[in-house]
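Notes follow the structure.
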Amino acid sequence: MTEKRRLNILYTNIGRGHPFYLDGIVKALRQDYNDEIDLNIIDVFSLSNGISLSLWKLIRAVYHRGSQGGPFGKIYAQLRKSSRPDRYGLTARILARNIRAYLKEHVDPTLVAHPVLVPMISDLVPVYYQHGEIAVPGVAAISGARIIYLPIEHSNKKYNETAKTQARTFISGLCIENSLASKAKDLFTARIKRLEENSHVIGAFFSSGAEPSAHVKKIIAALDSIHREDFKGIVFCRAGGRLEHGLLNLDYVKRFDPFDINENFLEAIKKTSVVAVIYTDRKKESDCTAALFKYFDYFVAPSHERTNWAVGLGLPMFILHPTIGPFSPLNREYLIECLVARDLKTDEDAVNFGSILRQSIKDRSLLYMAQNGFGKHQLNGFSTIAAHLLGNLPGNRQ
């Protein structure tokens, strides 16, 4: 029997985006290659202790305050500027201490999805870096990885323009949840039919994992607006988070669990303007999204990992502002260039969102946004990466 290959998969577990991309690869590897590879799933918090753990917790706390700056935000921003293994400073060295000690004893190839990890460990183990975002800011164009997985040619071009050294890149296709990608055509066809018939559209509303207060304020104002205009919506909220608390006293918002066998979505949405889906973890959020995605005609969200839905699945997007962090503004530029999204910039835009939506249906711009976002990119990025990764690990089959 051929010995299984081993792969470390190192999570940061800060926010949703980077962990989400690793989740998809893990699922693809387990589904298609479980008999060929052993996955060692680890994360920076479980590996760290003492000062290192305290600093990782501090960075997570900064993120969950909304990535809105301050002195600790400057530490995080400075850390993410590291781009070469020989150029990371004291903060990164403290963060890396326990991770490096662990990998010295577990010297298997290691997959990461956060650029800050690559310079920390690339001198110890072969590192494979999944860059799932379309945007490629300077902080993400790292060196030191054996292979960098990028979603589309636009990303590959930007990476090579931005990187300080020549990198070995591989274009995977968009990394979209397999449960959505496998039904993409049918979902798109049904959505186009509803938009062409000017059916009563349903929108999905998401914050980022950090739930910045400016985004939460706009989401609640937009929900108020669609309620006044007699539209329907689904809002996804982290349990105990800022967005859930902001919705508690709105009488037109009713909680809904798509996995409650006694509840039916179409019946629930008839009885109110907005249903709120409350999730406790990343898996529950993904499962709930997949269960309800067939009802989405547009979505409102920051321009992070869900950007892929707009350019790959033909789901029109309204972009929450401000665009926070290095990725969001560049993702937003690409969305606007592709004519698949519109901005929700100001509080006034959010207050008037129902009217904006009604006009977008009337002038068919919502329909055109959907049509512009389908059929131009491969959607099977997770399975493509899994296959390529397995074939390119040291000593593996070519």
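Table for the structure above
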quantity: Global form of segment 130-176, assessed from the alpha-carbon gyration tensor, a/c cut-off 1.5; calculated: prolate
quantity: Dipole magnitude of segment 318-398, debye to nearest 20 (Cβ charges: Lys/Arg +1, Asp/Glu -1, about Cα centre); calculated: 360 debye
quantity: Partner aspartates and glutamates for residue 218 [C-alpha distance under 16 Å; skip if fewer than 8 residues away on the same chain]; calculated: 244, 343, 347, 348, 349
quantity: Least to most buried among 337, 133 (fewest other Cβ within 10 Å first); calculated: 337, 133
quantity: Contour minus Cα-Cα distance for residue 245 and residue 376 (0.36 nm per residue); calculated: 43.3 nm
quantity: Packing-based order for 366-377, 51-62, using average beta carbon neighbours within 10 Å, highest first; calculated: 366-377, 51-62
quantity: Rough spin-label spacing in nm, given labels placed 7 Å along Cα→Cβ, for residue 262 and residue 192; calculated: 4.2 nm
quantity: Residue among 317, 141, 24 farthest towards the positive dipole end of the chain, charges placed on Cβ; calculated: 141
quantity: Candidates 331, 264, 49, ranked by Gaussian network fluctuation over the chain, Cα under 10 Å, top entry; calculated: 264
quantity: Selection from 355, 225, 280, by position along the positive dipole direction of the chain (Cβ); calculated: 280
quantity: FRET E, pair residue 254, residue 346, Förster distance 25 Å, beta-carbon r, rounded to 0.05; calculated: 0.30
quantity: Cα→Cβ-extended label distance, 7 Å offset, between residue 153 and residue 183, nm; calculated: 3.2 nm
quantity: Fraction of beta bridges assigned by DSSP in the chain that are antiparallel (%, nearest 5); calculated: 5 percent
quantity: Pairwise label distance in nanometres, residue 45 with residue 123, each label 7 Å out on the Cα-Cβ vector; calculated: 3.0 nm
quantity: Cα convex hull of segment 215-280, projected area averaged across orientations, nm²; calculated: 4.3 nm²
quantity: Contact order normalised by residue count of the chain, Cα under 8 Å, 6+ apart, percent; calculated: 17 percent
quantity: Crossing angle, helix 70-79 versus the chain [Cα axis fit, 0-90 degrees, rounded to tens]; calculated: 50 degrees
quantity: Unit charges on C-beta of K, R, D, E only; dipole of segment 182-372, Debye; calculated: 220 debye
quantity: Alpha-carbon gyration tensor eigenvalues x 5, square-rooted, for the chain, Å; calculated: 36, 23, 20
quantity: Full-extension gain in nm, residue 32 to residue 160, via 0.36 nm per residue minus C-alpha separation; calculated: 43.0 nm
quantity: Computed E for residue 94/residue 281 - FRET, C-beta separation, R0 30 angstrom, nearest 0.05; calculated: 0.60
quantity: Rounded to 5, percent antiparallel among DSSP beta bridges of segment 274-398; calculated: 10 percent
quantity: Folded to 0 to 90 degrees: helix 90-105 orientation relative to the chain principal axis, Cα; calculated: 70 degrees
quantity: Dipole magnitude of the chain, debye to nearest 20 (Cβ charges: Lys/Arg +1, Asp/Glu -1, about Cα centre); calculated: 840 debye
quantity: When each of 183/217; 185/284; 57/185 is checked by Cα-Cα distance, pairs over 30 Å; calculated: 183/217; 57/185
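Since every read-out is calculated from the coordinates, none of them should be taken as a lab result. Keep in mind it's a predicted model, so treat the numbers as computed, not measured. Note that we place each Cβ from the backbone using ideal geometry, even for glycine, and neighbour counts take in every protein chain shown.
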